[in-house]
Amino acid sequence: MTARVDGTIAPAIAAESIIKNFNHVHALRGASFEAFPGEVTALVGDNGAGKSTLVKILAGTLQPDGGTIRIDGREVTFADPVAATALGIETVYQDLALAPDLDAAANVFLGREIRRMHFFHDQAEMRRRTAKSFADLGVGLVQDLRVPVASFSGGQRQSVAIARAAMWARHVIMLDEPTAALGVIQTAKVLDLIRSIRDRGLAVVFISHNLPQVLEVADRIEVLRLGSRVARFRGGEVNVDQLIAAISGAFSNEVAA
Amino acid sequence: MSAQTPDGTDNAVAPASADTIGSRMRRVFTSPTFITFAFLLLVMVLFSVMAPGKFGTITNFKLLAQNVAILTVVSVGTTFVIATGGIDLSIPSGIVLGEVFAVKALSMIPVGGGTAVDLNADQSGIGYILIALAFSLAAGTLVGLINGVVVAYMRVPAMLATLGTLGGGLGVALLMQNGVNIATYAINPVSSASLLFGIPNLIIIAVIVAIVGIVMLNLSVFGRHTLAIGSSSEAARRVGIKVERHLVLVYTLGGFASGFGGFLSLGYFSTTSVAGHSTDNLQAITAVALGGTSLFGGVATVFGTIVGVWIPAILQNGFIIMGVQPYWQMVAVGAVLILAVWLDRIRRSSQGGR
Ligand SMILES: Nc1ncnc2c1ncn2[C@@H]1O[C@H](COP(=O)(O)OP(=O)(O)OP(=O)(O)O)[C@@H](O)[C@H]1O
Ligand SMILES: [Mg+2]
């Protein structure tokens, strides 16, 4: 974490006035967002508010039509996802983005394979490390590591995607509805995992429609509505009703952009 | 550390022993590749029993292996294309252009009163062979490169892109030849001579290509990324795989294999064959599909492709030996193809996948 001259801490990742249009759909209209190191920042908003679009822009998967991205206060542009992962930013996408025909280890190491003689991948070592990190992270898998993830349950697939991100994240981890397909036990595990990643000093961005869950785990909460930020709260200073008011547009503590 | 989920399944991290030999064997035995391989073995046993002393002989198998060698080479290449979820109909164009380019290059080398095209097989030298090889490979690679760019960057569906280069490439070959074939013995030794244990070179080359294909698909990062793109190009893109560039490489590899096939064909038949390869694309796709490679991409096996190359060849050979009308081979291959793909379909939908 980088201390600013005035003593405050720069956001680990920040979006300023991001604009993103899909043809005639204005998905983001000057959206801003900040997440700080050692904190869980929840991003909430109604369906279609632009949460996933914002995350994809911060992950380098989509390019914004306007606005600025800052990492530790420094302006950056991400030409592709590799530019973001190179800075230690990992993302669990809402659609998971796994290759269904590959096994868990192949997915975890996809694009960053452990190589032998440059040309070959070291499958045994990748399996070993995947098994170890799944165990460390408390990610449960019924199937063995050799079957394609297509044969996993939705929750198990989600676990693979989360474990992959948790394994590689060094600076920021963004999770887009990571608990959507999970049962009670797995959800609790993921929330524990989120806390332990935060305690390692990373900035955690957590998207969820489950507001009690958000209040349980978030240090800060930012609310997105119709493509821009309408409210910011500290975790302990807000309740579900206030969040619903902000999400539905009845409340705002943000000056209009 | 074992926790029960609400649905009662054991949710502990799978210990190494959960990956039992039994579960691994079950996967192998229910794979479409194994089923077609078993079918191939069964047919071979049947023919050996029913035509003793004729089918199951070394001579017969040497002949068969030579006959399928060129199809093996191009089918290994096209396995990679299909692994990405693509298709390559332009194989005949790569092969024929490979032949024609080689012949054109040889015809520009003056030898005695004529050119290198007029050489007899025993007059040929490594120099002529290498020049022919270079031009064959260049022709095929060019076709593949065009395929790749059109598919990956211009986003034309592979079926149509390669249909275009199929027609266009054959047209160019016919123009270059004024529609007539040229015979040449200059590179004859490539295919018919033997450098090893009296095994014809063509067979050795096919075996090497198959091994290289297996290693590349299963053990290399290139192969892994090929399968990943076929499985989900978006997932591949998000982890930073350069999907378009990789697709260009894969189609170029397919074209390279076709060009090489053209070189081997010129050596084997001692003539260009501008009209002689028109169904090689369909034969290759049949072989790939028979072997258990998914036409939807993401799942591919080069070994399966080899099995798929042999099934039609064995059936035809066996029917001829037994005096059955060889046209039955076409009927049988068609039926087996549909059966194999259907079985794969069932297996996948029962897996809960796609
Ligand atoms: N690739 C795309 N092409 C066209 N429109 C898109 C695309 N991606 C998102 N949109 C549109 O942008 C808007 C914001 O979508 P986004 O997925 O970011 O919302 P979200 O807040 O994540 O919603 P949810 O809670 O349902 O996941 C929606 O109107 C959506 O239809
Ligand atoms: Mg979303």
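Brief remarks on what is shown
Per-residue answers, yes or no, for (1) farther than 20 Å from B:Ile229 by Cα; (2) part of a helix (DSSP H, G or I):
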residue: A:Gln63; (1), (2): yes, no
residue: A:Gly67; (1), (2): yes, no
residue: A:Phe78; (1), (2): yes, no
residue: A:Ala84; (1), (2): yes, yes
residue: A:Leu87; (1), (2): yes, no
residue: A:Ala97; (1), (2): no, no
residue: A:Pro100; (1), (2): no, no
residue: A:Asn107; (1), (2): no, yes
residue: A:Gly111; (1), (2): no, no
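- Criterion applied to A:Val25, A:Val40, A:Val55 was being open to solvent by less than 30 Å² (accessible area, probe 1.4 Å), within 15 Å of ligand 1 (Cβ to nearest atom) and of a type in the set (Val, Ile, Thr), and the one residue passing it is A:Val55.
- Qualifying residue in the range A:3-12 (condition: open to solvent by 30 Å² or more (accessible area, probe 1.4 Å) and at positive phi): yes
- Residue tally, condition among the small types (Gly, Ala, Ser) and either open to solvent by 10 Å² or more (accessible area, probe 1.4 Å) or modelled with pLDDT under 95 (or both), over the range B:63-85: 2
- Residue match in the range A:53-60 (condition: within 28 Å of A:Met126 (Cα to Cα), within 13 Å of chain B (Cβ to nearest Cβ), away from ligand 2 (no atom under 16 Å from the Cβ) and touching a residue at least 12 places away in the same chain (Cβ under 8 Å)): yes
- Listed conditions (1) at pLDDT 90 or above; (2) in a helix (DSSP H, G or I); (3) more than 14 Å from chain B (Cβ to nearest Cβ); (4) over 23 Å from A:Gly73 (Cα atoms) are all met by A:Arg164, apart from (3).
- Residue tally, condition within 12 Å of chain A (Cβ to nearest Cβ) and open to solvent by 10 Å² or more (accessible area, probe 1.4 Å), over the range B:213-228: 8
- On the stretch given as the range A:146-160, residues that are open to solvent by less than 20 Å² (accessible area, probe 1.4 Å) and either part of a loop (DSSP other than H, G, I, E, B) or at the interface with another protein chain (Cβ under 10 Å from one of its Cβ atoms) (or both) total 6.
Quick grid of which residues meet (1) without any contact (Cβ under 8 Å) to a residue 60 or more places away in the chain; (2) within 16 Å of ligand 2 (Cβ to nearest atom):
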residue	(1), (2)
A:Gly138	yes, no
A:Arg146	yes, no
A:Val149	yes, no
A:Arg157	no, no
A:Ala163	yes, no
A:Val172	no, no
A:Pro178	no, yes
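- Matching option when the condition is out of contact with any strand residue (DSSP E or B) (no Cβ under 8 Å at 6 or more places or on another chain), on the phi < 0 side of the Ramachandran plot and open to solvent by 50 Å² or more (accessible area, probe 1.4 Å), among B:Gly334, B:Gly276, B:Gly267, B:Gly291: B:Gly276
- Annotation: A:Gly66 fulfils all but one of (1) in contact with a strand residue (DSSP E or B) (Cβ under 7 Å, 6 or more places away or on another chain); (2) touching a residue at least 24 places away in the same chain (Cβ under 8 Å); (3) more than 9 Å from chain B (Cβ to nearest Cβ); (4) under 29 Å from A:Gly201 (Cβ atoms); the unmet one is (4).
- Residue match in the range B:230-241 (condition: within 22 Å of the chain's Cα centre (by Cα) and either assigned to a loop (DSSP other than H, G, I, E, B) or within 14 Å of chain A (Cβ to nearest Cβ) (or both)): yes
- Subset tally (residues that are more than 7 Å from chain B (Cβ to nearest Cβ) and buried (at least 23 other Cβ atoms within 10 Å of the Cβ)) for the range A:74-89: 2
- Tallying residues that are more than 10 Å from every other protein chain (Cβ to nearest Cβ), surrounded by fewer than 23 Cβ atoms within 10 Å (Cβ to Cβ) and either touching a strand residue (DSSP E or B) at 6+ places or on another chain (Cβ under 7 Å) or acidic (Asp, Glu) (or both) within the range A:91-128 yields 2.
- Residues of the range A:213-241 classified as within 16 Å of ligand 1 (Cβ to nearest atom) and more than 17 Å from the chain's Cα centre (by Cα), total: 7
- Residue-level analysis places B:Phe256 outside the set of residues that are within 21 Å of B:Thr36 (Cα to Cα), at pLDDT 95 or above and touching a helix residue (DSSP H, G or I) at 6+ places or on another chain (Cβ under 8 Å).
- Verdict on A:Ala15 being within 16 Å of ligand 2 (Cβ to nearest atom), touching a Ser or Thr at 6+ places or on another chain (Cβ under 9 Å) and within 24 Å of B:Ser233 (Cβ to Cβ): no
- Residues in the range B:297-331 that are surrounded by 17 or more Cβ atoms within 10 Å (Cβ to Cβ) and without any contact (Cβ under 8 Å) to a residue 60 or more places away in the chain were compared, and the one that is nearest to the other protein chains (Cβ to nearest Cβ) is B:Pro312.
- In summary, A:Gly201 fulfils each of the numbered conditions (1) within 16 Å of ligand 2 (Cβ to nearest atom); (2) on the phi > 0 side of the Ramachandran plot with the single exception of condition (1).
- Being more than 14 Å from every other protein chain (Cβ to nearest Cβ) and either at pLDDT below 95 or surrounded by fewer than 18 Cβ atoms within 10 Å (Cβ to Cβ) (or both) is a description that applies to B:Leu202.
- Candidates B:Ser194, B:Ser124, B:Ser136, B:Ser107, filtered to the one that is touching a residue at least 12 places away in the same chain (Cβ under 8 Å), among the polar types (S, T, N, Q) and surrounded by fewer than 20 Cβ atoms within 10 Å (Cβ to Cβ): B:Ser107
- Hey, B:Asn147 away from chain A (no Cβ under 14 Å) and touching a strand residue (DSSP E or B) at 6+ places or on another chain (Cβ under 9 Å) or not: no
The values are calculated or read from the model by the stated rules, or taken from the named source; none is laboratory data. Note that this is a predicted model, so its numbers are computed, not measured. Ideal geometry is used to build each Cβ from the backbone, glycine not excepted, and the neighbour counts take in all protein chains shown. In case anyone asks, the SASA skips ligands and DNA or RNA and just uses the protein heavy atoms, side chains included. Shrake-Rupley method; radii C 1.70, N 1.55, O 1.52, S 1.80 Å.
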